[in-house]
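Bear in mind these aren't lab numbers, they're just calculated from the coordinates by the rules spelled out. Since we're looking at a predicted model, the values are computed, not measured. Neighbour counts are summed over all protein chains in view; Cβ atoms, including those assigned to glycine, are modelled from backbone coordinates with ideal geometry.
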Amino acid sequence: MSVVHILLAELELTGPGAVAAPEAHTVGSVLRPDLPLARDGWGNPYVPGTSLAGSLRQHAPRERRRDLFGEVFKDPDKNAENGREETTAIASPVRVLGTRLTLPEVPAMRRRRTAVDRHRAAAKATTLHDRELLPPGTELALWLRLDTETTESALVDEVVALLGTWQPRIGGGRTTGYGRAELVAVRHRVVDLSTPGGLRHWLTIGGPDLVDDQAAVVYERAQRAGGAPDEPYLFGMALEFRITDALHIGTGTFADRSGRRSGVAQILRDHEGIPVVPGSAWKGVLRARVEFILRSVGIGDVCISVEDGASGSCGACVVCEAFGWTERAGTMADDGTPAKTIGARGRLLFADSPVREGSVRVRNHVAIDRVFGGARDEALYADETVEDGHVALHIRHDKAVPDLVRAALVLALADLADGAIGIGGGTTRGYGSLAAQRTTTDWLTAERTTAVNTLRAHRTSEAHAPVHATEEAPA
Ligand SMILES: [Zn+2]
């Protein structure tokens, strides 16, 4: 082991990133965001190296994972005398030395999310929580170390090739479009400890400076528009809608972008100030409708993920399989402490949709006094809305989605295009209605019949067997 290889992978976030501090899931505070960014001891946001190592490990072919990244496993060949399997640990040849985040010159982003109340088709009052986000353009450096016998190493070449095809997603919230990152460059510094120069470099230089100007650039991003290579579209394309009335997806605050209190409920905007429909809003509305559709056609065993008093998503039905699930927030364990967060990530991925060609207006409202008629005192309020714009809905998937959910999703989208369900706040006041653009209307018309037939076929076969989550899409 006389040659040390240091690899520096430079990544860039192409969308917002959510790297919540682990303590954030259990500690509530009114002073801080519910889901603050993980920070180091100096208060700077930071991404733990272990999460990146885990992502890179997942990206490696299954049969190479143990050789590259080590493993801790029960070894059946090493049965101890008492009959128990011994735990064997293989150290990882690829070691993560550290990470560093460099934030661009934009204010920290916060985003609020709510759960949907099915009966009011609007956000539930108590479910608002916000999340501190890393802005797009955040740079992330990752240092890796490999030790080999020689300066030429097939292992190093393999890791570089692996990095080159990596599509890392940093942090949480992946199914609602957070954490998309792209590899910008990989630098390789060989430190040959059998040479005086190499030894001096190793002994006198430490930390990030180990990768100096003698490092070779072994990967460089090709110049291309857009972000990281994306997962495939579920329906082969983005779906196009236009706003028929007005859309209000609030930030939950009245402070404008400069931080002043404006007295107007602000809409959500991206880092460039463009109004957006966040992936989480699409996902919430469509999930609620998919559950509703499957239950109303009598396909049982579909949970009600946002019903009052229910235990939250079940984790066993086809909807949970496609959309993911978590233990309901605020659930208490038997000893009164908040329960640990458990759950599984969904297969469907919903990206943020910027509103194109929309105009932002402020609408004034007044609450009506039901008893005396007329306006109630001190009941004037205003909200910002986006009007006349259009949005593209990007639904992607990274694993097979059950046929049943795909069919129900088509019908849910048809309901969205018909205005039967709306998106964002104030849907009971007529906000949030969308209409499909021509190509999407044609596609929905064509898909609808197939979707209805799929549900019908399941209903007949279900007389015998209940629908449970399966590994592959049911036939
Ligand atoms: Zn479920």
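Using a Förster distance of 35 angstrom, determine the FRET efficiency expected from the C-beta separation of His271 and Thr450, and round it to 0.05.
Numbers: r = 39 Å, r/R0 = 1.12.
Efficiency at R0 = 35 Å is approximately 0.35.
Report the full-extension gain for the segment Gln437 to Ser359: residue separation times 0.36 nm, less the Cα-Cα distance, to one decimal in nm.
Numbers: separation 78, 0.36 × 78 = 28.08 nm, distance 1.84 nm.
Residue separation times 0.36 nm, minus the Cα-Cα distance, leaves 26.2 nm.
So, by mean Cβ neighbours within 10 angstrom, what's the order for 209-215, 266-272 with the highest one leading? Walk me through the intermediate numbers first.
Values: 209-215: 12.9, 266-272: 18.0.
Result, highest mean first: 266-272, 209-215.
If you stretched the chain out fully between Asp388 and Thr87, how much longer would it get, using 0.36 nm times the residue separation minus the C-alpha to C-alpha distance? Numbers along the way, then the final one.
Numbers: separation 301, 0.36 × 301 = 108.36 nm, distance 6.18 nm.
My answer for the length gained is 102.2 nm.
Starting from the 7 Å offset along Cα-to-Cβ, what nm value, one decimal, do you get for the label separation of Arg95 and His59?
2.2
How much FRET efficiency would the formula 1/(1 + (r/R0)^6) give for Thr195 and Thr50, where r is the Cβ-Cβ distance and R0 is 41 Å, rounded to 0.05? Don't skip to the answer; put the middle values down first.
Values: r = 33 Å, r/R0 = 0.80.
Rounded to the nearest 0.05, the efficiency is 0.80.
Can you compute the modelled spin-label distance between Thr326 and Thr165, with each label point 7 Å from Cα toward Cβ, in nm?
It works out to 3.3 nm between the two label points.
Determine the gain in length on full extension of the stretch Thr14-Glu220; use 0.36 nm per residue of separation and subtract their C-alpha separation, reporting nm with one decimal. Let's see the in-between values first.
Numbers: separation 206, 0.36 × 206 = 74.16 nm, distance 1.63 nm.
Difference between extended and current length: 72.5 nm.
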